[in-house]
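Undergrad: Dropping the structure in here first, questions after.
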């Protein structure tokens, strides 16, 4: 894993959004060829833990507002939380479909339409239940000067991987939003079979 610059002009700019005014910075991942994004607000230096959301790309949820998952509401809630606090960063990683890609993700949706749950659908296609690797997120945080974070996530594996790669996860904030009839079973599977910190009361 290595973050590299693609040219001599910095890939960073001002980005006004409906949530607030951020700076957008692009990080190129040499091993995959993917460009990942950091949206930052305020100073990343501390001394308090930096509020951080590491968000994996979800075209259907983030762009088309699909209610099969909770990705879009999580993205929006995280940006709102960063603006409310006054500083923080959201890393947007090109890891569609928990790392299996868009084509396979829609194939998995097809299997889910036939009764498979979100974990078994991936396995039936020959993919891991979750293929994401957060080493690139740790590199991005290091490039931003972030060492100590308050991480918005329900996924303990994300905490474990960032810690493994040298990021001090000082605390975890749950991010349970967007629960509805179309994704309740999906979220229950993540809690019951994938170790996500989601309880029955949350659903």
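The values are calculated or read from the model by the stated rules, or taken from the named source; none is laboratory data. Everything numeric here is computed off the predicted structure, so don't read it as measured data. Quick reminder, even Gly has a Cβ in these numbers, built from the backbone with ideal geometry, and neighbours come from all protein chains shown.
Undergrad: Restricting the search to the range 78-106, which residues are crowded, with 17+ Cβ neighbours inside 10 Å, in contact with a helix residue (DSSP H, G or I) (Cβ under 8 Å, 6 or more places away or on another chain) and in a helix (DSSP H, G or I)?
TA: Within the range 78-106, 96, 97, 98, 104, 105 meet the criteria.
Undergrad: Step by step: first the residues of the range 50-59, then only those that are buried (at least 19 other Cβ atoms within 10 Å of the Cβ) and under 14 Å from the mean Cα position of the chain (by Cα), then the one that is farthest from residue 186 (Cα to Cα). Which residue is that?
TA: This residue is 51.
Undergrad: Any idea how many residues of the range 16-45 are closer than 18 Å to residue 85 by Cβ and either surrounded by 13 or more Cβ atoms within 10 Å (Cβ to Cβ) or at pLDDT 95 or above (or both)?
TA: Going through the range 16-45 one residue at a time, the tally reaches 13.
Undergrad: Checking the condition part of a strand (DSSP E or B), within 16 Å of the chain's Cα centre (by Cα), touching a residue at least 24 places away in the same chain (Cβ under 8 Å) and surrounded by 15 or more Cβ atoms within 10 Å (Cβ to Cβ), which residue from 141, 151 passes?
TA: From the options 141, 151, the qualifying one is 151.
Undergrad: Sticking with this structure for a sec: In the range 187-203, what residues are in a helix (DSSP H, G or I), modelled with pLDDT of 90 or more and surrounded by fewer than 16 Cβ atoms within 10 Å (Cβ to Cβ)?
TA: 192, 193
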